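First comes the structure, then the notes that go with it.
The values are calculated or read from the model by the stated rules, or taken from the named source; none is laboratory data. Because the structure is a prediction, the values reported are computed rather than measured. Here the Cβ is made from the backbone with ideal geometry for all residues, glycine too, and neighbour counts use every protein chain on show. Side chains are part of the model used for accessible areas, which takes the heavy atoms of the whole protein and leaves out ligands, DNA and RNA. Shrake-Rupley method; radii C 1.70, N 1.55, O 1.52, S 1.80 Å.
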Amino acid sequence: MSRFHGLTATNPERKKIAQSVEEGCGSLSWQLNELDTAVDRASENPQRFNLTPEELSSRRRWITNTRRQLDGMKDTLRTATAPPPAVSAAESKAIAQNDKFLTGQYESQQLVMKRQDADLEDIEQAVIRIGRQGREIGNELAEQERMLDELDQDVDTTGSRLKAAQKKMSELIRKSGSNTQLVLIVVLIVILVVLATFAFM
């Protein structure tokens, strides 16, 4: 029956399988009748066959369920192999138009799906490019942050040195009290500032 259901109505093998299943159902029906008769006879004297009422009921239920399954298969075969009802010319035309419409809709859906697949591929490529650019930007930001940290360290070091130099010059000015030395110290400060400016450019 599984093989029968897996074939299309136009497949020639379907008819052969239906005949084989129908013959098997007939044989099984005969065997079920024989089993049913045997159970009836055994129920007349169950002690002779060492059968309990529960076992007899179980066997009757099995026979009933199996017969129900056989009847279901027979009905399925009759319905599936029944000739199609005759249709008028108008109904045939309507069926053909319906099939044509469904075919057109299917082709349109396939075309839309192909376009959607192409759009999804474009979106995927764009996402990949954006991700790559994001990683590059992240690396660049990390490099800029490292350079800023180095600059901050250089500025702190230079500031400390400048403060130390200013302190020494202040001590020299205080000790010397000479205008010439004062002018010389101011000139040295200007030169130091100029050199520091060039160092950070």
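Here are the numbers:
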| item | result |
| --- | --- |
| Selected residue (only one of E107, E91, E124 is of a type in the set (D, E), modelled with pLDDT under 85 and open to solvent by 80 Å² or more (accessible area, probe 1.4 Å)) | E91 |
| Candidates A38, A18, A42, filtered to the one that is open to solvent by less than 90 Å² (accessible area, probe 1.4 Å) and in contact (Cβ under 8 Å) with a residue 40 or more places away in the chain | A18 |
| Selection from segment 59-85 of residues that are small (G, A, S) and surrounded by 11 or more Cβ atoms within 10 Å (Cβ to Cβ) | G72, A80 |
| Tally of residues being touching a residue at least 24 places away in the same chain (Cβ under 8 Å) and part of a helix (DSSP H, G or I) across segment 1-13 | 1 |
| Among (1) at pLDDT below 85; (2) assigned to a helix (DSSP H, G or I), the one test that P84 misses | (2) |
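Condition check ((1) within 51 Å of the chain's Cα centre (by Cα); (2) under 30 Å from A80 (Cβ atoms); (3) at pLDDT 90 or above) across all residues:
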position	(1), (2), (3)
G6	yes, yes, no
A9	yes, yes, no
K16	yes, yes, no
N33	no, yes, yes
A42	no, no, no
Q47	no, no, no
N50	no, no, no
S58	yes, no, yes
T64	yes, yes, yes
